[in-house]
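Scroll down for the structure; my scribbles are underneath it.
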Amino acid sequence: MERDCKKLKPRLMKEFVDAAETFDEPLTRITGSGLLWTGLRIFIFTHLHSDWMWYDDDIDILKIIVPESDQCHKSPPGEVCTDCSHQNKDQIDPKTPAGERRIIEIPRTYQCYYTGETRPLQLTEDLLGYFKVTDDYGRDTFPVLTNTLRRRVHRIAARADERMGGKFRRERGLTPKTVDWKDEPIPDVTPHDLRATLGTQMYRGNEGDPDRASLEQIAAELGHESIETTRKYADWTDAEVAGSGGRRSTK
């Protein structure tokens, strides 16, 4: 049984994002930044497809349009991938409101609450360069299974820890699971932690901004079935802001 999710605090979020973008391999960059900035559950993220993506060149924004349901595109017609087989699924069923699609806009920048800066993101370019979105070049599917995605998240966390001189793992603790690619201790970060981190980032918004995301908007963005699931992100964020005296985080 997996532990409850633990969001990344602002400093660790920044270091995780920075570490993800240092990898030469696009799949690892897309995994780290994509899981964080889309908020998709890991099973749905592994089934990303070019048909889900639309680039709006009028406003220079890439959108992921998550369908209410879809077939598994990662195997030949009539078959399903290993992840679908393990879950006894013959189609993909994202948790979206009945009869609706969920539209996720990929950000080009984000507000870093550790430094107080607006920082750039390269996720849009990585997705456009990898998937067949704006032309005939690129791939239709994301050829990665859930266990591989978890290992890539561990790799990014390990690099962030190395760049921070071990502070990342001291803050997060160590993963309780065996990591087969590295003998060193790995900071405890899961894909669902990244999803929780996005929820708190969305709720925090710009303090005092009347247009910042409401709980209902966050619930719709993340596909929560109950607003009570979303409410814990607000509780975490309010406690964090109160603990810093309303200032940017220094942790």
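Output the residue which, of all residues in the stretch 145-172 that are free of Cβ contacts under 8 Å to residues at least 12 places away in the same chain and outside any helix (DSSP H, G or I), is least open to solvent (accessible area, probe 1.4 Å).
GLY166
For the stretch 67-74, check the following and say yes or no: at least one residue is touching a Gly at 6+ places or on another chain (Cβ under 8 Å), at pLDDT below 95 and open to solvent by 70 Å² or more (accessible area, probe 1.4 Å). Give the derivation first.
If we filter the stretch 67-74 for residues that are touching a Gly at 6+ places or on another chain (Cβ under 8 Å), which is where we start, we get 68.
From what is left, the residues that are at pLDDT below 95 are 68.
From the residues that got through so far, the ones that are open to solvent by 70 Å² or more (accessible area, probe 1.4 Å) too are 68.
The answer is yes, given that some residue of the stretch 67-74 is touching a Gly at 6+ places or on another chain (Cβ under 8 Å), at pLDDT below 95 and open to solvent by 70 Å² or more (accessible area, probe 1.4 Å).
Considering the stretch 134-144 alone, what residues qualify as being open to solvent by less than 40 Å² (accessible area, probe 1.4 Å) and either under 16 Å from PHE23 (Cα atoms) or not small (Gly, Ala, Ser) (or both)?
Listed by number, the residues that qualify are THR141, PHE142, VAL144.
Looking at the stretch 227-251, which of its residues are open to solvent by 50 Å² or more (accessible area, probe 1.4 Å), at pLDDT 65 or above and among the hydroxyl-bearing types (Ser, Thr, Tyr)?
Matches in the stretch 227-251: THR229 only.
Only one of these is over 17 Å from LEU35 (Cβ atoms) and of a type in the set (Lys, Arg): ARG150, ARG170. Name it.
On the way: ARG150 fails: over 17 Å from LEU35 (Cβ atoms).
Exactly one of ARG150, ARG170 is over 17 Å from LEU35 (Cβ atoms) and of a type in the set (Lys, Arg), namely ARG170.
Name the one entry in ASP140, ASP136, ASP90 that is touching a strand residue (DSSP E or B) at 6+ places or on another chain (Cβ under 8 Å), acidic (Asp, Glu) and farther than 25 Å from LEU8 by Cβ.
Answer to the check: ASP140.
Being closer than 25 Å to TYR203 by Cα and among the hydrophobic types (A, V, I, L, M, F, W, C), is that true of even one residue in the stretch 133-147? I'd like the intermediate steps shown before the answer.
Here is the first cut: in the stretch 133-147, the residues closer than 25 Å to TYR203 by Cα are none.
So far as the stretch 133-147 goes, no, none of its residues is closer than 25 Å to TYR203 by Cα and among the hydrophobic types (A, V, I, L, M, F, W, C).
Are any residues in the stretch 107-143 of a type in the set (Val, Ile, Thr) and either under 15 Å from the mean Cα position of the chain (by Cα) or assigned to a strand (DSSP E or B) (or both), and if so, which ones? Steps first, please.
If we filter the stretch 107-143 for residues that are of a type in the set (Val, Ile, Thr), which is where we start, we get 109, 115, 118, 124, 133-134, 141.
Scanning the stretch 107-143 gives THR109, THR118, THR124, THR141.
In the stretch 8-20, what count of residues is obtained for those that are open to solvent by 30 Å² or more (accessible area, probe 1.4 Å) and under 13 Å from the mean Cα position of the chain (by Cα)?
0
Could you go through the stretch 21-32 and let me know if any residue there is out of contact with any helix residue (DSSP H, G or I) (no Cβ under 9 Å at 6 or more places or on another chain) and either surrounded by 16 or more Cβ atoms within 10 Å (Cβ to Cβ) or β-branched (Val, Ile, Thr) (or both).
no
If ALA98 satisfies every condition in (1) modelled with pLDDT of 95 or more; (2) hydrophobic (A, V, I, L, M, F, W, C); (3) open to solvent by 50 Å² or more (accessible area, probe 1.4 Å) but one, which is the exception?
Against the list (1) modelled with pLDDT of 95 or more; (2) hydrophobic (A, V, I, L, M, F, W, C); (3) open to solvent by 50 Å² or more (accessible area, probe 1.4 Å), ALA98 comes up short only on (1).
Out of the residues in the stretch 107-133 meeting the condition of being among the aromatic types (Phe, Trp, Tyr) and within 19 Å of GLU15 (Cα to Cα), tell me which one is most open to solvent (accessible area, probe 1.4 Å).
We begin by selecting, within the stretch 107-133, every residue among the aromatic types (Phe, Trp, Tyr); these are 110, 113-114, 130-131.
Next cut, within 19 Å of GLU15 (Cα to Cα) only: 110, 113-114.
On the way: TYR110: 10, TYR113: 27, TYR114: 50 Å².
The qualifying residue most open to solvent (accessible area, probe 1.4 Å) is TYR114.
State yes or no: is ASP60 among the charged types (D, E, K, R), out of contact with any strand residue (DSSP E or B) (no Cβ under 9 Å at 6 or more places or on another chain) and surrounded by fewer than 18 Cβ atoms within 10 Å (Cβ to Cβ)? Break it down stepwise before answering.
Working: among the charged types (D, E, K, R): yes; out of contact with any strand residue (DSSP E or B) (no Cβ under 9 Å at 6 or more places or on another chain): yes; surrounded by fewer than 18 Cβ atoms within 10 Å (Cβ to Cβ): yes.
Judged against the criteria, ASP60 is a match.
The values are calculated or read from the model by the stated rules, or taken from the named source; none is laboratory data. The structure presented is a predicted model; accordingly, all values stated were derived computationally and were not measured. Backbone-built Cβ (ideal geometry, glycine too); neighbour counts: all protein chains shown. What goes into the accessible areas is simple: the full protein's heavy atoms, side chains included, and nothing from ligands, DNA or RNA. Shrake-Rupley method; radii C 1.70, N 1.55, O 1.52, S 1.80 Å.
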